[in-house]
Amino acid sequence: MTNNIKLNPKLDLVFERTTSLSPEQIWQGWTHPPTLMKWFCPRPWKVIDCKMDLYPGGQFYSVMQSPEGQGFPNHGVYLEVVENKKLIWTNSMIEGYRPVHCLPGEFHFTATLLISKLDKGTHYKAIVAHADEDGYDKHVKMGFQEGWGKAFEQLEEVFNVK
């Protein structure tokens, strides 16, 4: 397992935290649907459905719901699964590595989560690689840093950790 990912500042967004969550807690947050549904998107948004087949080629599916009640389904596929250490998925494919087209306003990305145990706490790094600068810009305008930050705080709340 290599964590030496070459970043492209025009295409890749990075979110990092050092936390007192254990690697196992972060892993559970990302791989156990009932846990993920408690924290995955910043409130008042919520996740109302989630399905995971946790193996390369398996589905990662969630439905986010806006405060107004509108549902936003998200389809993806896992590319790499290394328990308590690394999780990679993309929305450019669905289960079985079937390619998908972007709908208007959507963008393709691949997310890499790296979890590293430290002497005190855990280092968490999320890298979201976009297919093009337009997708990158859309994700920035959506509030990537703020949104992922708030969601991570909610993950810590799930486990009563700060």
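Any read-out appearing in this document is the output of simple, stated calculations on the displayed coordinates, not a laboratory observation. None of these values were measured; they are calculated from a predicted model.
Key figures
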read-out	value
14 Å Cα-Cα reach of LYS117 towards aspartates and glutamates, excluding residues that sit fewer than 8 places from it in its own chain	GLU16, GLU24, GLU83
Euclidean distance between Cα centres, the range 71-87 to the range 11-66, Å	8
Straight-distance crosslink candidates among lysines, where the alpha carbon sits under 22 Å from LYS138 and sequence neighbours closer than 8 are dropped	LYS6, LYS10, LYS46, LYS125, LYS150
Hz values of 3J(HN,Hα) by residue in the range 45-51 - Karplus curve (6.51, -1.76, 1.60), Gly and Pro given as x	5, 8, 9, 10, 7, 7, 9
Rel. contact order, % - alpha carbon contacts under 8 angstrom, at least six apart, the range 20-158	22
Chain lengthening between SER22 and GLN70 when straightened (0.36 nm per residue, less Cα-Cα)	13.9 nm
